[in-house]
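The values are calculated or read from the model by the stated rules, or taken from the named source; none is laboratory data. Bear in mind that the values here come from a model prediction, so they are computed numbers and not experimental data. Counting neighbours? That spans all protein chains shown, and the Cβs are built from the backbone with ideal geometry, glycine included. For the accessible areas, the whole protein counts, side chains as well, though only heavy atoms, and no ligand, DNA or RNA atoms are used. Shrake-Rupley method; radii C 1.70, N 1.55, O 1.52, S 1.80 Å.
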Amino acid sequence: HKQAESLPLLAGSVEFEKSEVGSGMASSVFSHQNFGTFSTMPIQGTSGYGYIPPPPYPVPDYGGQPVQSSWNIPSISEGEAREAFLEYASSKCCYSNRPAREMVLEDLQACNTYRYRLETFTESRSLEWRTKPFTGKIEVPVVTAQLPWNVPVAVPKMFENNTKEIMMPHTSSIKECLVCMASGKISCKQCGGLTKEQCDWCKGRGIFISDTCSHCSGTGLSASLCRGCSGQGKVNCSDCSGKGRLLTYNALVVKWKNDIFEYVPHQRNDFPAKLFQAVTGEKLLVDEQDMVYPVTNFPDSSINNASRNAVERHRTQFTSTARILRQVSAAEVQS
């Protein structure tokens, strides 16, 4: 027996083992490792998979506190209020519009509902093992960087969830599929490898009532060939798609996620919160930067508190596991 030697392909990106056995008889021997198609389990003896915290990087400084010396809070005049009252009365068949026309308005009090919204767009990276059928075509990784956070990846549309996978270099290997023992075929589940359909009369038992089934002569099989395997008894292995071999590699999984915080102060208990999310009001403030500054001088102090807590919470929550790419802070009023 000659010592098995490793023949590298693509400078270590893909490799397989070849051994010569006996007198001139050659056979390919592959390492026995299989976790199923698109498995996320690591190869035995390896480590370094899962989420990878971003390396220390300068946290973008606040672009500057938005200066808002005066807030243009919308209000309605006496004429607009009377017109709205008349329109409402006219929409009811039994309502008179006389009170709306003749009443004296002594005081108008605004019942505005404010909403604060903070969106934080982050990017996280992880290494996960992938296994897929090896088609014979060698896949060359499109990146050369060795460290996950050094791999350049174009950011998709801002503030939208997205995921992208990239094959890491020097992590791929060809493995024998253990499900089919590298044959590419497995026993047909429909006929159990017997090539024929089950007898409809005895349901495969070979006995009908108490006697030998006359329809299948006691075999439990019909004369019809199995439709699942066309009478072959075997079908293509689903793990390797009939190829017999699997390509296992380490994939860089890049995820972009948009996390949203919303706050509506003085919300009525009988008003569903989801109805606030379905409508938009008049924008009073929109601040978009790498890192936004908390709102500090909004007329409603609860908005200032919510903004300060949300900005600090998002920064603490995401900087340890992801990288904050962009934030947008907005305040609006719904009259």
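Here are the numbers for the structure shown:
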item: Residues (in a helix (DSSP H, G or I) and touching a Ser or Thr at 6+ places or on another chain (Cβ under 7 Å)) located in region 292-323; result: 304, 307, 314, 318
item: Residue in region 93-116 that is among the aliphatic types (A, V, I, L, M) and within 30 Å of residue 53 (Cβ to Cβ) present; result: no
item: Residue match in region 127-146 (condition: open to solvent by less than 60 Å² (accessible area, probe 1.4 Å) and under 29 Å from residue 294 (Cα atoms)); result: no
item: Top-ranked residue in region 89-110 [being under 49 Å from the mean Cα position of the chain (by Cα) and free of Cβ contacts under 8 Å to residues at least 12 places away in the same chain; ranked as nearest to residue 319 (Cα to Cα)]; result: 109
item: Output for region 209-242, where each listed residue is out of contact with any Ser or Thr (no Cβ under 7 Å at 6 or more places or on another chain) and free of Cβ contacts under 8 Å to residues at least 24 places away in the same chain; result: 209, 210, 211, 212, 213, 214, 215, 217, 219, 220, 230
item: Of all residues making up region 62-92, the number that are part of a loop (DSSP other than H, G, I, E, B), at pLDDT 85 or above and either open to solvent by 100 Å² or more (accessible area, probe 1.4 Å) or of a type in the set (S, T, N, Q) (or both); result: 1
item: Residue count for region 289-327, restricted to those that are among the β-branched types (Val, Ile, Thr) and either surrounded by fewer than 18 Cβ atoms within 10 Å (Cβ to Cβ) or free of Cβ contacts under 8 Å to residues at least 24 places away in the same chain (or both); result: 4
item: Search result, residues across region 214-240 that are within 25 Å of the chain's Cα centre (by Cα) and surrounded by fewer than 16 Cβ atoms within 10 Å (Cβ to Cβ); result: 238
item: Criterion: basic (Lys, Arg), at pLDDT below 95 and within 36 Å of the chain's Cα centre (by Cα) - qualifying residue of 255, 243; result: 243
item: Residues within region 147-180 that are open to solvent by 40 Å² or more (accessible area, probe 1.4 Å), touching a strand residue (DSSP E or B) at 6+ places or on another chain (Cβ under 9 Å) and polar (S, T, N, Q), tallied; result: 3
